Amino acid sequence: MAYSMDTKMGDILSNPDAVKILDELMPGASTNPMMKMAKGFTLGKIAKTPAAKVSEAQVQSLVDALNAKLG
């Protein structure tokens, strides 16, 4: 699977290998209570949501890491 800013967070959370990468880059992200709400959001939408407190560059780094290790 190729990952992009259009990938939904739920797709990442359903893949244990992707969750490991997520937590390596953003410690604690997979267990954050807000993830239940974010499952239906694309990574691009999360990057543009101020409450997520994550930059577009951080999300792009996640996409790049997921593609390098799992893609």
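Filter segment 27-42 down to residues that are in contact with a Leu (Cβ under 7 Å, 6 or more places away or on another chain) and hydrophobic (A, V, I, L, M, F, W, C) and give me whichever is farthest from Asp6 (Cα to Cα).
Per the stated criteria, the residue is Ala29.
Conditions first: (1) at pLDDT 95 or above; (2) in a helix (DSSP H, G or I); (3) surrounded by fewer than 15 Cβ atoms within 10 Å (Cβ to Cβ). Lys36 passes all but one, so which condition is the exception?
Every condition holds for Lys36 apart from (1).
Of all residues in segment 1-33 being hydroxyl-bearing (Ser, Thr, Tyr) and surrounded by 15 or more Cβ atoms within 10 Å (Cβ to Cβ), which is nearest to Leu70 (Cα to Cα)?
That would be Tyr3.
May I ask you to list pairs of residues, at least six apart or on different chains, whose Cβ atoms are under 6 Å apart, with the first in segment 33-59 being farther than 11 Å from Leu22 by Cβ and the second being charged (D, E, K, R)?
From residues that are farther than 11 Å from Leu22 by Cβ, the pairs are Thr42/Asp6; Thr42/Lys8; Ala47/Glu56.
Filter segment 1-27 down to residues that are in contact (Cβ under 8 Å) with a residue 24 or more places away in the chain and either closer than 18 Å to Met37 by Cβ or in a loop (DSSP other than H, G, I, E, B) (or both), then give me how many there are.
15
The values are calculated or read from the model by the stated rules, or taken from the named source; none is laboratory data. All of these numbers come straight from a predicted model, not from anything done at the bench. Glycine gets a Cβ as well: all are built from the backbone with ideal geometry, and neighbour counts include every protein chain shown.
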